[in-house]
């Protein structure tokens with residue numbers, strides 16, 4: 001089953017239905033002024049089943065993985081041109097650089113999903129927690 005993709009319009013519906021907003025985070029900090037600036041922020045781990053079986057969606061952004069693939073594509077295309085011109089290879093261990101060129105797909109994108117709320121537990125002073133669902 002393919003994961004549902006969220007649009008910016010979808011995101012606005014989530015925030016209207018109780019999901020976390022920047023305003024909620026600002027309020028949380030006003031209510032928790034004593035949390036130190038160097039406090040870690042932990043986010044609840046969400047199981048794949050929510051996306052695979054409950055039809056949760058993700059918002060796709062071109063992140064580090066896509067950048068890495070794009071960079072490798074650029075390097076391998078340049079390597080092919082060097083070899084065509086008879087220049088010295090910068091990747092002599094790679095027999096066929098064209099085999100390393102990939103199309104960037106949704107699988108290379110960073111996936112985000114709307115979060116639910118900020119939490120502070122009384123027995124965990126100095127940590128900000130963010131829940132992914134209620």
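Every read-out reported here was derived from the displayed coordinates using simple, explicitly stated rules and does not represent laboratory data. Please read all numbers here as calculations on a predicted model, not as lab measurements. Every residue, glycine among them, receives a Cβ derived from its backbone with ideal geometry; neighbour counts consider all protein chains shown.
Spherically averaged projected area of the convex hull of Cα atoms, segment 64-113: 3.7 nm².
Exposure proxy shown here: for 15, 7, the number of other Cβ atoms within 10 Å sets the order, fewest to most, as 7, 15.
Distance distribution note for the chain: the fraction of Cα pairs above 25 angstrom is 51%. Arranged from fewest to most other beta-carbon atoms within 10 Å of their beta carbon, 131, 123, 48 become 123, 48, 131.
Cα centroids of segment 10-30 and segment 55-110: 37 Å apart. Counting neighbouring Cβ atoms within 10 Å and putting the fewest first, the residues 119, 41 line up as 41, 119. With the simple model of a label 7 Å out from the Cα in the direction of the Cβ, residue 33 to residue 7 spans 4.3 nm.
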